[in-house]
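Here the structure comes first, spelled out in structure tokens, and everything after it is commentary.
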Amino acid sequence: MKKSRKLVFMALFTSQALVLHYFENFFPPLAPGAKLGLANIVTIITLHLFGFWEGMAVVVVRSILGPILGGSPTGILYSLTGGVLSCIIMAVLYLHFREYFSLLGISVAGAVFHNVGQLLTASLLYGTIGILFTYMPLLMLSSVITGNFIGLVAKYIIRFLNKKAAHGYVS
């Protein structure tokens with residue numbers, strides 16, 4: 001793929017992730033600090049189509065611009081640590097252990113580690129490890145639910161893109 005074409009796709013994926021990140025704010029949280037993670041659909045698709053570094057680029061740009069455009073400066077820390085840790089875990093599982101983990105399992109692992117990253121950030125910012133024990137059970141349960149939903153959506157989008165590519169509509 002030409003460099004300019006790839007750059008256009010990366011800009012489109014980043015903007016889609018930002019829109020999903022912003023759109024998600026209109027829904028009430030599942031639990032304190034728990035969101036659906038809609039932007040992770042784009043992360044999984046980017047990992048599938050392009051690989052780790054491109055997926056990480058989308059996560060980093062979204063994690064910085066998302067809180068700036070519709071959040072708070074400390075939101076950047078939470079979003080970055082959760083997003084980067086999540087992307088690393090999903091990339092390792094997807095790129096190296098795909099035969100052992102389904103896309104739903106990879107998405108759940110990403111959701112779990114996104115919450116772990118955010119909880120570690122909160123415990124460092126507030127200087128207490130108690131946050132981990134208070135929120136961890138609730139966030140792990142929500143990770144399983146949201147991770148399955150995000151993985152399912154990403155699975156069907158990837159299947160659709162693969163069909164279009166097989167018919168020559170996507171190049």
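The values are calculated or read from the model by the stated rules, or taken from the named source; none is laboratory data. The model shown is predicted, which means the values in this text are computed figures rather than measured ones. As a convention, Cβ positions derive from the backbone with ideal geometry for all residues, glycine included, and neighbour counts pool all protein chains shown.
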Return the only residue of 59, 19 being closer than 17 Å to residue 150 by Cβ, within 12 Å of the chain's Cα centre (by Cα), of a type in the set (A, V, I, L, M) and surrounded by 12 or more Cβ atoms within 10 Å (Cβ to Cβ).
59
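Take the conditions assigned to a helix (DSSP H, G or I), within 23 Å of residue 53 (Cα to Cα) and of a type outside the set (Lys, Arg) and apply them to residue 158. Does it pass?
Working: assigned to a helix (DSSP H, G or I): yes; within 23 Å of residue 53 (Cα to Cα): yes; of a type outside the set (Lys, Arg): yes.
Yes; evaluated as a whole, the condition is true for this residue.
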Search result, residues across the range 72-86 that are touching a Ser or Thr at 6+ places or on another chain (Cβ under 8 Å) and either outside any helix (DSSP H, G or I) or farther than 23 Å from residue 152 by Cα (or both):
76, 77, 78, 80, 81
Using beta carbons and a limit of 6 Å, which pairs, at least six apart or on different chains, have the first residue in the range 2-15 and of a type in the set (S, T, N, Q) and the second one surrounded by 12 or more Cβ atoms within 10 Å (Cβ to Cβ)?
14/58; 14/61
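Go over the candidates 41, 106, 45, 89 one by one and state the one that is in a helix (DSSP H, G or I) and more than 21 Å from residue 161 (Cα to Cα).
Working: 41 fails: more than 21 Å from residue 161 (Cα to Cα); 106 fails: more than 21 Å from residue 161 (Cα to Cα); 45 fails: more than 21 Å from residue 161 (Cα to Cα).
89 is the lone residue from the list that is in a helix (DSSP H, G or I) and more than 21 Å from residue 161 (Cα to Cα).
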Identify the residue in the range 35-73 that is small (Gly, Ala, Ser) and over 17 Å from residue 109 (Cβ atoms) and, among all such residues, is modelled with the lowest pLDDT.
71
Looking at the range 6-13, is at least one residue within 13 Å of the chain's Cα centre (by Cα) and either assigned to a helix (DSSP H, G or I) or among the acidic types (Asp, Glu) (or both)?
yes
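Just for the range 92-103: of the residues that are part of a helix (DSSP H, G or I) and in contact with a helix residue (DSSP H, G or I) (Cβ under 7 Å, 6 or more places away or on another chain), which one is surrounded by the fewest Cβ atoms within 10 Å (Cβ to Cβ)?
Here is the first cut: in the range 92-103, the ones part of a helix (DSSP H, G or I) are 92-96, 103.
Within this subset, residues satisfying the condition of being in contact with a helix residue (DSSP H, G or I) (Cβ under 7 Å, 6 or more places away or on another chain) are 93-95, 103.
On the way: 93: 20, 94: 21, 95: 14, 103: 22.
The residue in question is 95.
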